[in-house]
Every structure is written in C-alpha cells, then in structure tokens.
1. Quick one: work out Rg over Rh on the C-alpha atoms of the stretch 56-144, Rh as Kirkwood radius.
2. Under 5 Å between amide H atoms, partner at least 5 residues away or on a different chain: which partners does VAL109 have, H built in plane at 1.01 Å?
3. What does the charge add up to near LEU137, with Lys and Arg as +1, Asp and Glu as -1, over the other residues with Cβ less than 9 Å from its Cβ?
4. So how many Å³ per residue does the convex hull of the Cα atoms of the chain work out to?
5. In what sequence, largest accessible area first, do SER77, SER87, SER61 appear using a 1.4 Å probe?
6. Return the equivalent ellipsoid semi-axes of the stretch 1-50 as a descending list in whole Å, where each equals the square root of 5 times an eigenvalue of the C-alpha gyration tensor.
7. I'd like the trypsin sites (Lys or Arg not before Pro) in the stretch 1-95 restricted to DSSP loop residues with at most 12 other Cβ atoms within 10 Å, sorted by number.
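The values are calculated or read from the model by the stated rules, or taken from the named source; none is laboratory data. Since this is a predicted model, take the numbers as computed values, not measurements. Heads up, the Cβs are rebuilt from the backbone with ideal geometry, glycines too, and the neighbour counts pull from every protein chain shown. SASA here: full protein model, heavy atoms, side chains in, ligands and nucleic acids out. Shrake-Rupley method; radii C 1.70, N 1.55, O 1.52, S 1.80 Å.
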Amino acid sequence: MSSTSKPFGLRPAYNPSGTTRPAAYTIASGYASNILQNQPVKLGADGTVQAAAIGDAFVGSFQGVEFTDSDGRRRVSNKWTASTAASDVVAYITIDPSIVYEIQGDDSVAVSDIGSQADFTTISAGSTTTGLSGMMLDVATLTNVGNASLRILDIAPGPDNAAGDAYTVVQVQIAEHQNVADRAAY
C-alpha cells in the first residue's frame with residue numbers, strides 16, 4: 001500500500017505512442033533556481049528551460065543536464081544547481097503532451113477523482129544531494145470544474161498502490177501544457 005510518503009516528482013511512465021524520450025534544450029548560464037529531476041519545467045520567452053511555478057503552463061519534466069563547468073570539465077547531472085556558471089549546457093526534458101506521468105499524492109486519491117485536475121505541491125521540495133524532486137500532487141486542489149496543472153487519468157498499477165491509500169500514486173497528463181490549449185476537467 002502507498003502508506004508512506006516517498007515523493008519522486010513528475011516521473012514519465014509511458015507514452016501511448018510507445019516512445020518516451022527527452023528532448024535537448026538549454027539552460028541559461030547562471031540561471032538562479034535549482035531544477036531537480038522530475039520537476040516540472042517550462043520554456044522561457046528566450047527559449048531556455050526554467051523551473052515551472054504552480055499555475056504556470058509547462059512542457060514536461062526535467063530529466064538531467066550536461067554542461068562544461070568553469071574549470072573546463074564536462075559534467076553530467078540529474079540536477080541543475082542554482083547560479084551554476086557553465087557553457088555548452090544541454091538540458092534534457094520531456095515535451096510530448098501525450099506522455100503519461102506518475103506522481104504521488106500528498107493525501108488519498110479515490111477512483112472517483114479520475115478525470116479531475118489538480119496542481120502540484122511546492123516545486124522547491126526535494127533533495128539537492130540526490131537531485132530528486134520531492135514534488136507531489138496537491139490533493140487539496142482537486143477540481144472537476146476548472147483548470148489545474150495535471151489531469152488524473154488512473155490509479156498507477158502496482159502491488160503496493162491502490163485507490164484510497166494514504167499517499168496514492170496516480171497516472172496524470174499535463175493539463176496546462178505550453179504547446180496545447182487548456183481544457184477544463186471532464
């Protein structure tokens with residue numbers, strides 16, 4: 001059962017097309033916010049990857065980065081550390097609006113919540129040591145009449161997860177995708 005809070009962010013689970021692969025973009029050198037693996041990200045006006053805030057339209061989740069540091073060494077990491085001075089930055093993010101993600105709820109999710117929408121919790125949650133996001137589905141924001149960040153598609157399959165568990169893991173798609181028009185919950 002999902003009775004323990006072990007958040008992992010917005011983790012890509014599958015794509016109906018059969019292919020889930022990150023796309024290569026860039027992060028501006030010196031970008032002043034941490035970005036952790038599986039954290040929602042958006043494309044800024046300048047085309048660079050930025051951390052998405054609650055309520056922002058966004059394109060997907062951050063999967064990792066490689067860059068040349070100020071000492072000239074090539075680095076590969078699952079996180080972007082705030083204010084890193086770097087060149088040749090390649091950030092890997094998911095961008096396909098049809099990708100289905102898994103995310104742990106910060107409370108119980110019922111079968112009747114399928115089709116509803118909800119926002120995610122504070123994006124700054126997570127560990128800069130492991131580089132993993134601690135973001136969760138904000139169950140208190142569940143709505144079936146308005147727009148929110150994520151649309152619940154199903155309860156994630158698994159022997160230790162069921163509807164109604166204390167911290168239910170659900171499958172979602174991005175409801176406020178930057179490349180797709182918003183659609184209210186159904």
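1. Values: Rg = 16.4 Å, Rh = 15.3 Å.
My calculation of the ratio gives 1.07.
2. The list, which skips near neighbours in sequence, is GLY164, ASP165, THR168.
3. Numbers: positive: none; negative: ASP106, ASP107, ASP119, ASP138.
My count for the surroundings of LEU137 gives -4.
4. Roughly 111 Å³ of hull volume per residue.
5. If we order SER77, SER87, SER61 from most to least accessible, we get SER87, SER77, SER61.
6. For the stretch 1-50, the semi-axes come out at 26, 18, 7 Å.
7. Answer by residue number: ARG73.
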